[in-house]
Amino acid sequence: MKKVNILQKNEKGFMFSIDAIIATISILALVGMWALSVQVNENSNVLTQLDKQSQDKAITGFYSNGNGTGDLKDADFGACNSYYKYNKVTGNLTEEKFCEKV
Amino acid sequence: MKCRGQIISLDAVIALILVMLSLGIVFNVMETNAYDLKETQLFEEISSMGKTAGNLLVSNENIICKVKDGGKELFSMNNCLDLSKFVRKEYLGIDSQKYSCKLTAEKNQTQKKLKTACTDNPVSAQNIYSETREIIVNEGDLTKQKFEELKFKSEKITLKVWKK
C-alpha cells in the first residue's frame, strides 16, 4: 500500500506540471499567432490603400505633367508609383515618383 | 465519514461553480463571435462593393474621357471623368435595389456639372464605405492636341456606398 501511494503521488505531480506547461505554451502561441495575423492583415489593408492613392497621384501627375512628390524616408511603410517624363529636347527620361506613407 | 462527506460537497460546489462560470464564458464568447462574424460579413460586403465601385469610377469606358483624333478614337484615359456623361449606378457595379450611393466632388464647380444617379442621403445609414479618388475632369471628348498639352489639374472625388 505504501509503495502504491508513493507512485500515485509522484505520477500526479509530474502529470500536472507537464499539462500546465503545455497548456501555457499553447495559449501563448495561439495569442501570439492571432496578434501577428491581425497586424499583418491590417498592414496589408493599409498598404493596398496607399498603393491605390499613389497610383492615382502618378496617373493624374502624368496628365498634368507634374513633378513627383514624397519619398519613403522615416516611414514605417508606404507605397510608390511613378511615371517617366520624356524630354523632347534632350531625349532623356526622368522618373517622377509619387509616394504615400504612414 | 463526516470529513469525507464535507470534502466531496466542497468539491462538488466548487466544480459546479467552475462549470457554471465556464459555460457562462463560453456562451458569452459564442454570442460575441456570432455578432462579430455578422458585422464582419456586412462590412466585407459593403467594402467589396465600395472598392469595386471606386475602381470602376476611374476606369469604366462609359464614363471616362476618350481621346479622339479627327473623329477616330485613340484611347481612353483612366482617372479622367467625362462630366458630359451620366454616371449610372450600374456603371459602378452598384445594385440599385440593394445599395445606395453618394458621389461628391471636392470642387463646387465640378459638383455642379457632375451628372450622377448616386445622390442618395446617407443620414439613416448604419455602415458606410467611403473612398476618395484623385482624378482629373473634362467635358466631352479630348483632342490629341489637348491631351499632349498636359495641362490638367487634379482634384478629388468621394464615393460613399451603403446598404439600403
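The values are calculated or read from the model by the stated rules, or taken from the named source; none is laboratory data. All of these numbers come straight from a predicted model, not from anything done at the bench. Using ideal geometry, Cβ is built from the backbone for each residue, glycine included, and neighbour counts are taken over all protein chains shown.
With the structure loaded, tell me whether A:E100 is of a type in the set (D, E), within 14 Å of chain B (Cβ to nearest Cβ), more than 28 Å from B:E44 (Cβ to Cβ) and in contact (Cβ under 8 Å) with a residue 12 or more places away in the chain or whether it fails that test. When the stated conditions are applied, A:E100 does not pass them.
The number of residues in the stretch A:63-73 that are free of Cβ contacts under 8 Å to residues at least 24 places away in the same chain and within 12 Å of another protein chain (Cβ to nearest Cβ) comes to 3.
The condition of being within 14 Å of another protein chain (Cβ to nearest Cβ), at pLDDT 90 or above and touching a strand residue (DSSP E or B) at 6+ places or on another chain (Cβ under 8 Å) holds for only one of B:T104, B:T110, that being B:T110.
Name the pairs: first residue in the stretch B:104-127 and without any contact (Cβ under 8 Å) to a residue 40 or more places away in the chain, second residue part of a loop (DSSP other than H, G, I, E, B), Cβ to Cβ under 6 Å, at least 6 apart or on different chains? Between residues of the stretch B:104-127 that are without any contact (Cβ under 8 Å) to a residue 40 or more places away in the chain and residues that are part of a loop (DSSP other than H, G, I, E, B), the close pairs are B:K113/B:L83; B:K115/B:F86; B:A117/B:R88; B:A117/B:K89. Examine the stretch B:113-133 for a residue that is of a type in the set (S, T, N, Q), within 14 Å of another protein chain (Cβ to nearest Cβ), within 25 Å of A:N65 (Cβ to Cβ) and surrounded by fewer than 20 Cβ atoms within 10 Å (Cβ to Cβ), and state whether such a residue exists. Checked against the condition, which is being of a type in the set (S, T, N, Q), within 14 Å of another protein chain (Cβ to nearest Cβ), within 25 Å of A:N65 (Cβ to Cβ) and surrounded by fewer than 20 Cβ atoms within 10 Å (Cβ to Cβ), the stretch B:113-133 yields at least one hit. Counting the residues of the stretch A:44-99 that are under 20 Å from B:G54 (Cα atoms) and within 16 Å of the chain's Cα centre (by Cα) gives 9. Residues that are more than 14 Å from chain A (Cβ to nearest Cβ) and under 21 Å from B:E45 (Cα atoms) do not occur anywhere in the stretch B:140-152. From the list A:D51, A:D71, which residue is in a loop (DSSP other than H, G, I, E, B), surrounded by fewer than 18 Cβ atoms within 10 Å (Cβ to Cβ) and of a type in the set (D, E)? Criteria check complete, one pass: A:D71.
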